[in-house]
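Take a look at the structure set out below.
Computed from the coordinates by the stated procedures, all read-outs in this text should not be read as laboratory data. Bear in mind the structure is a predicted one, so any value in this text is a computation, not a measurement. Neighbour counts run over all protein chains shown; Cβ positions are idealised from the backbone, glycine included.
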Amino acid sequence: MTVLPRLILLHKQATSGRVRFLCPGSGVVAFKPLPALSALRDEDYSPTIQFHPTAVVREAEIQLGLAEGAIEPVADFQAWVDTPEGDLPVLLAAFVGIDPPFAAAERIHARFIAITESRQLSELERNLLRRAYEHVLG
């Protein structure tokens, strides 16, 4: 089985620090939901493999219809989810524009949410968002 990393995509406003997450479908992990019975691994989990985000970031740009370079990987973030099929990495990437790409999100029936709007998400996804939020705000 080939393990394909998932992405959390965010936009951080440069002047205000406002952080919004792309919410495609019913969750925040792009572009395929996490399997049922998944659990977030501890932050100190040390996998035997690491993933370089370039390919998965480029795939996200293509799916959203964005130009190459419109999304950049966020350094030093990697969360691992224990799934029935095995460990699944979740990477973090950010939109580089001044404003979130609302039109691109609309094209795929997605929206941007603040972390305070994440109550409808699963506990697993809320915890992933918390880790991502803490990472980008330091």
Top positive-direction residue, dipole computed over the chain with Cβ charges, set SER38, ALA103, CYS23: ALA103
Report the charge-dipole magnitude of the chain in Debye, nearest 20, computed about the Cα centre from +1 at each Lys and Arg Cβ and -1 at each Asp and Glu Cβ. 420
Please check: in the Gaussian network model of the chain (C-alpha springs, under 10 Å), which one of GLU85, GLU68, GLU117 has the largest mean-square fluctuation. GLU85
Any idea what angle helix 54-64 forms with the longest principal axis of the chain, computed on alpha-carbon atoms, 0 to 90 degrees, nearest 10? 50
Length-normalised contact order of the chain, Cα under 8 Å, at least 6 apart, in percent, tallies to 33
Please report the spacing between the Cα centers of the range 1-61 and the range 93-116 in Å, no decimals. 14
Note the angle between two axes, namely the Cα long axis of helix 123-137 and the longest principal axis of the Cα atoms of the chain, as a number of degrees from 0 to 90, rounded to the nearest 10. 60
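Give me the Kirkwood hydrodynamic radius of the range 1-77 in Å, from all C-alpha pairs, to one decimal place?
It works out to 14.4 Å.
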Give me the one-decimal Kirkwood hydrodynamic radius in Å for the range 6-137, with the sum taken over alpha-carbon pairs. 14.9
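Say R0 is 25 Å: what FRET efficiency, to the nearest 0.05, do ARG119 and GLN50 get from their beta-carbon distance? Display every interim value, and only then the final one.
On the way: r = 32 Å, r/R0 = 1.29.
The value I calculate is 0.20.
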Under 1.5 on a/c is rounded, so check that first for the range 87-138, then, if it is not, pick prolate when a/b is larger than b/c and oblate when it is not; a ≥ b ≥ c are the square roots of the alpha carbon gyration tensor eigenvalues. prolate
Taking only DSSP H segments of four or more residues, each worth -39500 (n - 2.57), what value at 222 nm results for the chain once the sum is divided by all its residues, to the nearest 500 deg cm²/dmol? -7000 deg cm²/dmol
Please build a GNM for the chain, connecting alpha carbons under 10 Å apart, and tell me which residue among ILE113, ILE71, ILE62 fluctuates the most. ILE62
Backbone HN-Hα couplings from phi across the range 13-22 [Karplus 6.51/-1.76/1.60, Hz, Gly and Pro as x]: 5, 5, 7, 9, x, 4, 10, 10, 10, 6
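If packing is taken as the mean number of other Cβ atoms within 10 Å per residue, what is the order of 34-43, 86-95, highest first?
Details: 34-43: 12.9, 86-95: 19.4.
Highest to lowest by the protection proxy: 86-95, 34-43.
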Dimensionless Rg/Rh of the range 43-120, both radii on Cα and Rh by Kirkwood, sits at 1.00
